[in-house]
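In what follows, a single structure is set out as structure tokens and then discussed.
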Amino acid sequence: MNQGVIAVTPTQGLLLAIVVLMQLVMTIGLWWRIARVSRQVRELRNRPPESTGDIPTAMLVTTLSRVEQRLARIEESQQQAPVQGSVSSQDKSYELAQRLARQGATAAQIVDACGIGMTEAELILRMHTR
């Protein structure tokens with residue numbers, strides 16, 4: 001007998017060939033998948049940052065904060081504008097009523113000219129007549 005030589009039957013040889021062939025197919029399949037994933041990684045790395053669609057969270061938070069601050073300023077200015085406008089027109093009405101009272105106008109004339117109530121016109125007359 002020859003030492004170191006193993007006798008293989010034709011069936012065993014066929015099974016061994018099938019196993020080696022399956023390992024070769026699996027190795028080629030894995031190599032193909034690795035090549036495909038590597039190609040996708042290269043494409044993602046070479047893509048410009050703005051085309052990825054990812055916006056850093058810090059940038060979103062900062063922009064949202066600025067928008068909220070600006071909105072608060074706009075709301076504040078809108079709330080103050082009507083109050084200032086109505087106070088100034090009301091002040092002008094009372095100034096005109098005082099002037100008319102000093103000139104000797106009647107309460108009815110002050111009501112018609114200034115758009116204030118009769119009671120207010122009578123009060124202004126009492127306070128500002130000579």
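Values in this text are rule-based calculations from the coordinates and carry no lab data. Given the structure is predicted, the values throughout are model-derived calculations rather than measurements. Backbone-built Cβ (ideal geometry, glycine too); neighbour counts: all protein chains shown.
Structure notes:
- Signed unit charges on C-beta, dipole axis of the chain, positive-most listed residue Thr9, Leu100, Ala113: Thr9
- Assuming charge only on the beta carbon of Lys and Arg (+1) and of Asp and Glu (-1), the dipole of the chain about its Cα centre is about 660 debye to the nearest 20.
- Neighbour counts of C-beta atoms inside 10 Å place Leu15, Leu123, Leu100 in the sequence Leu15, Leu123, Leu100, starting with the fewest.
- At 1.002 mPa s and 20 °C, Stokes D of the chain from Kirkwood alpha-carbon radius, µm² per second: 86 µm²/s
- Using the rule -39500 (n - 2.57) for each DSSP H run of four or more residues, divided by the residues of the chain, the 222 nm mean residue ellipticity is -28000 deg cm²/dmol.
- Degrees between helix 118-128 axis and first principal axis of the chain (Cα, 0 to 90, nearest 10): 60 degrees
- Helix axis angle, 10-46 relative to the chain longest principal axis, alpha carbon, degrees: 30 degrees
- Around Val111: net Lys/Arg minus Asp/Glu count, Cβ-Cβ under 14 Å: -3
- Maximal additional length on extending the Lys92-Gln79 stretch stands at 2.6 nm, based on 0.36 nm per residue less the C-alpha distance.
- Projecting the Cα atoms of Val19, His128, Gln79 onto the charge dipole of the chain (Cβ charges, centred on the Cα centre) puts Val19 farthest toward the positive pole.
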